[in-house]
Amino acid sequence: MKTTLIACSIAIAAMFASTAHAQGEVGDVPKQQKRVKPTPDQRAAGKAQRRAEGREAAHTDTPGETGPTPTAGPTQHYSKGERVAARKTRRADTARANKAGEIPVEGEVGPKP
């Protein structure tokens with residue numbers, strides 16, 4: 001029991017000593033100085049500067065790193081007959097290329113043997 005009590009007291013003393021040493025000055029490194037709060041005039045000046053920077057950033061047109069987004073050209077509307085004709089020609093071209101073997105046949109994992 002004595003041995004356990006002595007071991008516990010040494011461990012507790014070591015814990016207190018390490019925290020006390022960490023709170024004080026160590027070697028040539030002084031404690032950090034307390035931060036001085038800015039005056040209301042300094043705060044207002046900083047706020048005005050940040051506001052001006054934010055306003056300028058909001059008004060510039062750089063949505064991404066690549067530059068401004070391209071605008072869409074004039075939209076072209078096709079009639080239903082034109083869409084049906086285009087679909088028929090696409091399907092016919094695809095069927096012809098598929099029968100001629102121009103379109104490679106691949107499975108989910110790779111080419112079929």
(request) Would you please list the contacts, defined by Cβ atoms under 8 Å and residues six or more apart or on different chains, that run from a residue in the range 1-22 that is among the hydroxyl-bearing types (Ser, Thr, Tyr) and part of a helix (DSSP H, G or I) to a residue that is modelled with pLDDT under 75 and surrounded by 10 or more Cβ atoms within 10 Å (Cβ to Cβ)? (result) none
(request) List every residue pair whose Cβ atoms lie under 6 Å apart, where the two residues are 6 or more positions apart in sequence or sit on different chains, the first residue falls within the range 29-58 and is at pLDDT below 95, and the second residue, located anywhere, is of a type outside the set (Phe, Trp, Tyr). (result) Lys31/Glu25
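The values are calculated or read from the model by the stated rules, or taken from the named source; none is laboratory data. Model, not experiment: these values are computed from the prediction. Note that we place each Cβ from the backbone using ideal geometry, even for glycine, and neighbour counts take in every protein chain shown.
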